Structures are given as structure tokens and as C-alpha cells.
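Student: Following this message is one structure expressed as C-alpha cells.
The values are calculated or read from the model by the stated rules, or taken from the named source; none is laboratory data. Just so it is clear, the structure is predicted and the values come from calculations on it, not from any experiment. Counting neighbours? That spans all protein chains shown, and the Cβs are built from the backbone with ideal geometry, glycine included. Protein only, heavy atoms only, side chains kept; ligands, DNA and RNA dropped before computing areas. Shrake-Rupley method; radii C 1.70, N 1.55, O 1.52, S 1.80 Å.
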Amino acid sequence: MAATIARFGVQNRQLTPTERWICFAALFFLGFTATFNQFKAAPAIQFIGADLGMGTDMLSQIMGVYSIAGMLLAYPGMIVMQRFGVKFSIVVTSLLQLVGSLVCVFATNTPAFLAGRTLEGVAYGLICVIGPNIMPRLFPLKDQGLCMGIWSQWTPVGVVIAFFAAPVIYEMAGGAAVAFSWRPIWFVSIIMEVVSIIWLAVSCKMPAIPENELVDGDPRRRKAPGKNFTLAGLVVCAFFFVWVFDYVANINTLYPTFLQNEKGLGVFESSMLPNWTAIISIPLGIAFGVLADRLHFRKWMIMGGYLLVSLCMAFFYFTPGSDMTGPWIASVLMGLCGALVPTGTRAITPVLVPEPKKTDFVLATMAFATGLAQVVGGYIVSPLVTAVGWQANAQFILAPLALLAAVAVLVFVKSDKQVHQIRSEEQREAKAGIDQV
């Protein structure tokens, strides 16, 4: 039964480049819809709580249950995908997301709403692990930088849409004067989810043989077992925790509050700086993905990105007084970091760990680190800021964490240029063996 389901969407041939990119587009739409779902609650979170009778101390659960589900499903999601196949897993993911949003939008009490958010979070957790694991199967290794460079923008695109659209929808529906003004935000996400389900059902296809099992995309030539740098892959993916904790849990979640309270900005203006970070990340992430395929410098992308994060946290983000120079410098530099760290991490993993099942496991670790950072951040960031202040939190916790991640990548992660040379030698030896036979 499982084997039959796993063949759902698998073609009896390799895919054409057009089919690959149409499938990718459907997956990308699902990805940024899941990110939109994550952050759509943020602009109106206190009004959602008021409408459903939630106290201030419970508001963090609106984001917390979403992230907990994602963390817990990282490794099970990998197993589901391996057992039941890509298309079945991804369609079920999109259906769970739709059901969760429907439960939320019609909820009249806190437990029902949080149950819906949990289902939305389940879908997010699944796409976190399934999405990156699809790319090595769908695209040959020579295109991994480009496809991972674009795929890594599913979070920035979702963030931009959420922070632009959610406040506008909320205000158009009546704002604080109308108790249920937050619900139209969910209606928009439901429309996006229906479109996603239809698009995936039509366009999600997998090749007869996963591309990561082939030599240069030739279905007549299977890759010989190559050396896996599994420890390096696990280190780079586990330390993705730092990126998510520093950027998502602190900047995307609480930086507008800092700008409102310490810099005197309004709600919309305070949301624009994190938005500009995401906007800058999108084109740069794609560009760096293309360059990574040609120059093989993914390790240095990741390490350099973490060093810049440390610099932003230590000196620019949380400056005292009303001057906005530091926040603008940090927001621009962080846009560059958003192009370097996520793109480099996802693109280097199948290079370091070419064996498909090990690739799945290492990328699942990245998904787990993502969820864990959001959960930890949801519970400790606010108390930390309250206890030590914005600037001390940035200088003594966020900056050192980013510096530690940079050092870990330097020490434990092998240069992908060296790995590229090793892979070339492996292919030459394999070809020589075939020729001799």
C-alpha cells in the first residue's frame, strides 16, 4: 500500500527543465503561504487575544503552538516523505494547512483557535523538512545553488506579504473598532491554500529516478557511493538554530516593538525595517545561489553571514536614543545575511552529504533546528529583554551566538571547493572503472 502511494506523481521518465520549474513554483507557493500563515497573526495579535478572551500572558501561545508542531514533526516528516512519497506528503501537508486555517477563522474560543494554529504549524513543520529534501531529487547537483537560492526565499517572501498585507487587511476590516477584524486575514490565507492545493495536484511531479542518484542527469549512469561529510552537514544545519533565533525570534518578532517603544515609530513604520531586510534578501539570495554553483564558496558565504549578524547585533540594531542610522544599517546588512546564511546552508548540504537518505536526515536536522529556535525564542526572548534590556540581550547573547556559529562553520565544515574536487575525482575513478569493464 505504502509503495503504491509513494508512486503517486512519479513519472515513468525524467522531467524536462520546464516541468521541474513548474513543480518548483507550486512548491514555492506552498512554502511562502506557510510562512505567511506563521506571521499573519503578529500585526493583530493583541486584538485576536481580546476577541477570544486570551490574557496577555497567553498571546505568545498563538505563535508558540505553531512553532512547537514544526519542531516535533521535523524527523517524522522525513520518514513520511520517504515512505509515502513526495506528492502524497506535500498534498496532505497543504490539506492540513487548509483545515487548520478553517478551524481558526470560525473559532469562538481559545482552545479551538489554538487547535487550528497547531494544525497550521503541522503543515509548516512538514514543508520545512519536505521542501528542501525535494530539491536534490528534483534538480541535478549543478543546479542546486540556483534552486536552493530561490527556495530559501520562501521565508522572506512570506514575511514581506504578511507584514504588508495583514495590517492593511485588518484596518480595511475595521481595525480595533471591530472585534472580528482579524478574521479576514485568515480568509485571504484560505484562498491562497486552495490555490496551492489545486496547483500542487496538477503540477507536482517527480522524476522516475531522483536526480541525486544520477551522474550529470543521465538515467543510464547511477552515482557510485561517494564520501559523505555527515558531521560537517550536521554542524552547519544544527547551527542554523542561531540564524533563526537571532533573526526570526528576535528581529522579525520583537524588533517592531523595540522601534515603537525606544525609537517612537508607529505600527506600520516599525514593520517596514524588518520588511526591507526580507526584500533585500530575495534578489541577493538568488544571485548568491547562482554564484555558489560556479565558485563553490558556500562555506565562506555561511561563515561571512554569521560574522555580519554578530556585527549587526553588537553595534547597530539596538542603539540608544531616537537616531535611526544604526537600525537602517543593520536592516540592510541583515538583508545580505539573509541571502548568505539560509542559501549557503541549504545549498552546501547535498554537496557535503550526497547519499540521499543521509541528505534527508541532515536537512531534517535543519528543520528541527528551525522549529527549536522558534520555540525557545518564543519562551525566553521576552523575559530576557525584560531582565537585561534590548542592547544587553543583543550584545551579550545574540552577537556571541552568531560568532560561535561562524567559528563552528570554520572549524567543522569542509570547504565545498575541496568537496567539489573530491567529487570530480570520484567520478573520474568511477568512469575509469566502467571503461575498463
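Student: Run the dipole for region 31-151 about the Cα centre, Lys and Arg Cβ at +1, Asp and Glu Cβ at -1, nothing else charged, and hand back the magnitude in debye, nearest 20.
Tutor: 420 debye
Student: If you don't mind, there's one more thing I want to ask. Please say if region 114-205 is rounded, prolate or oblate, where rounded means a/c under 1.5 for a ≥ b ≥ c the square roots of the C-alpha gyration tensor eigenvalues, and otherwise the choice is prolate for a/b larger than b/c and oblate otherwise?
Tutor: prolate
Student: Related question: Between beta-carbons, use under 12 Å as the cut-off and find the net charge around CYS104, counting Lys and Arg +1, Asp and Glu -1.
Tutor: Cβ neighbours under 12 Å give a net charge of 0.
Student: From the phi angles alone, apply the Karplus equation (6.51, -1.76, 1.60; θ = phi - 60°) to region 310-316 and give each ³J(HN,Hα) in whole Hz, x where the residue is Gly or Pro.
Tutor: Couplings: 4, 4, 4, 5, 6, 10, 10 Hz.
Student: Would you compute, from DSSP H runs of 4+ residues alone, the mean residue ellipticity of the chain at 222 nm, taking -39500 (n - 2.57) per run and dividing by the full residue count, rounded to the nearest 500?
Tutor: -24500 deg cm²/dmol
Student: If amide H atoms are built 1.01 Å from N in the plane of the peptide, which residues on other chains or at least 5 residues away come under 5 Å of the amide H of LEU214?
Tutor: LYS223
Student: Pop a pseudo-label 7 angstrom from the Cα along the beta-carbon direction at both THR386 and TYR75 and give the gap in nm to one decimal.
Tutor: For the pair THR386/TYR75, the computed spacing is 3.3 nm.
Student: Work out from phi, with θ = phi - 60° and the Karplus expression 6.51 cos²θ - 1.76 cosθ + 1.60, the ³J(HN,Hα) of each residue of region 88-95, listed in order in whole Hz, and give x for Gly and Pro.
Tutor: 4, 5, 6, 5, 4, 4, 5, 5
Student: When the chain is treated as a GNM, springs tying every alpha-carbon pair under 10 Å, which of ALA165, ALA278, ALA232 comes out with the largest mean-square fluctuation?
Tutor: Comparing ALA165, ALA278, ALA232 in a Gaussian network model of the chain, the most mobile one is ALA165.
Student: With a 1.4 Å probe and every protein chain left in place, work out the accessible area per residue of region 161-261 in Å², rounded to a whole number.
Tutor: Per-residue accessible area for region 161-261 comes out at 42 Å².
Student: May I ask you to give the percent of accessible area on region 191-288 that is carbon plus sulfur, with a probe radius of 1.4 Å?
Tutor: Within region 191-288, the accessible surface is 68 percent carbon and sulfur.
Student: Taking the Cα centre of the chain as origin, sum charge times position over the Cβ atoms of Lys and Arg (+1) and Asp and Glu (-1), and report the length of that vector in debye to the nearest 20.
Tutor: The calculation lands at about 1260 debye.
Student: With a 1.4 Å probe and all protein chains left in place, how much of the accessible area of region 19-61 comes from carbon and sulfur atoms, in whole percent?
Tutor: 59 percent
Student: Per residue of region 400-415, what does 6.51 cos²θ - 1.76 cosθ + 1.60 with θ = phi - 60° give for ³J(HN,Hα)? Whole Hz please, x for Gly and Pro, Karplus curve as stated.
Tutor: Couplings: x, 4, 5, 5, 4, 4, 4, 5, 4, 5, 4, 7, 9, 9, 6, 4 Hz.
Student: All other residues with a Cβ under 11 Å from the Cβ of VAL409 taken together, and with Lys, Arg as +1 and Asp, Glu as -1, what is their net charge?
Tutor: +3
Student: Once you place label points 7 Å from the Cα toward the Cβ at GLU269 and TRP328, how far apart are they in nm?
Tutor: Each label point is offset 7 Å from its Cα along the Cβ direction, giving 1.3 nm.
Student: I'd like to know which of TRP300, PRO356, GLN153 lies farthest towards the positive end of the charge dipole of the chain, counting +1 on Cβ of Lys and Arg and -1 on Cβ of Asp and Glu.
Tutor: Result: PRO356, furthest along the dipole toward the positive end.
Student: May I ask you to list the lysines whose Cα is less than 26 Å away from that of LYS358, ignoring any residue fewer than eight positions away on the same chain?
Tutor: Correct list for LYS358: LYS87, LYS142, LYS205, LYS223, LYS227, LYS299, LYS414, LYS417, LYS431.
Student: Any idea what the relative contact order of region 1-142 is, in percent, if you count C-alpha pairs under 8 Å spaced at least 6 apart?
Tutor: That works out to 33 percent.
Student: Give me the percent of accessible area attributable to carbon and sulfur for region 120-170, probe 1.4 angstrom.
Tutor: 82 percent
Student: What does the accessible area per residue of region 342-416 come to in Å², with a 1.4 Å probe and no ligands, DNA or RNA counted?
Tutor: On a per-residue basis, 36 Å².
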